[in-house]
Amino acid sequence: MTTEQIIALSISLAVIVLGVTYLYIYHRKNQKSSKGTAVLDVQRLLEALGGKENINGTFLDHKRLKIQLNNPKLVSQALLKTLDISGFLTGKELKLLIKDNPIEVKNKLDKLRNEVRQ
């Protein structure tokens, strides 16, 4: 085996090892993020928002759940904190940062709201 062949073989092995290492790390990172996707208790979120009658509408903006409220004074800040949800109020619109599965949270919240109206 010549010196050039040994160098080429060493470089090839290094590239393969680096590629496998990268794929392993990428796979582990995705496994960790998929484990943390538990949906929060939407029933308690509804209670924190002042009940079904206090919500006029829900909208999604990336990971923010925007909620149009009838009476912002009915919102329980303490209960939102226990759910580990942060947000801010602008007029009658409450913007909540939903860390995991914001689409699923919105859908479940809308489903609970619509059950009363039927």
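Throughout, read-outs are computed from the coordinates displayed, never taken from laboratory work. Quantities reported herein were computed from a predicted structural model and do not represent experimental measurements. Every residue, glycine as well, gets a Cβ built from its backbone with ideal geometry; the counts of neighbours run over all protein chains shown.
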To the nearest 0.05, what FRET efficiency results for K29 and D100 with a Förster distance of 22 Å applied to their C-beta separation? 0.90
What is the sum of charges around R64, taking Lys and Arg as +1, Asp and Glu as -1, for the other residues whose C-beta is under 14 Å from the C-beta of R64? +2
Given unit charges at Cβ for Lys, Arg (+) and Asp, Glu (-), the dipole magnitude of the chain about its Cα centre in debye, nearest 20, is 380
Here are several values of P(r) over Cα pairs in 5 Å bins from 0, in percent: [x] 2, 9, 12, 12, 9, 7, 6, 5, 5, 4, 4, 4, 4, 4, 3, 3, 2, 2, 2, 1, 0, 0; [y] 2, 12, 22, 24, 20, 13, 6, 2, 0; [z] 2, 10, 16, 17, 11, 6, 5, 5, 5, 5, 4, 4, 3, 3, 2, 1, 0. Which one was derived from the coordinates shown? [z]
Can you give the Rg to Rh ratio for region 61-118, taking only C-alpha atoms and Rh from Kirkwood? 0.96
Find how much the distance from A14 to T90 grows on full extension, using 0.36 nm per residue of separation minus their present alpha carbon separation; answer in nm with one decimal. 21.8 nm
Simple Cβ-charge dipole of region 59-107, Lys/Arg +1 and Asp/Glu -1, about Cα centre, in debye nearest 20: 160
Starting from the Cα of E53, move 7 Å in the Cα-to-Cβ direction to define the label point; list residues of region 83-118 whose amide nitrogen is under 18 Å from there. 112-118
Could you work out the relative contact order of the chain, using alpha carbon pairs under 8 angstrom and six or more residues apart, expressed as a whole percent? 25
Within 10 Å, count the other beta carbons around each residue, average over each peptide in 106-112, 5-11, 59-65, and list them highest first. 106-112, 59-65, 5-11
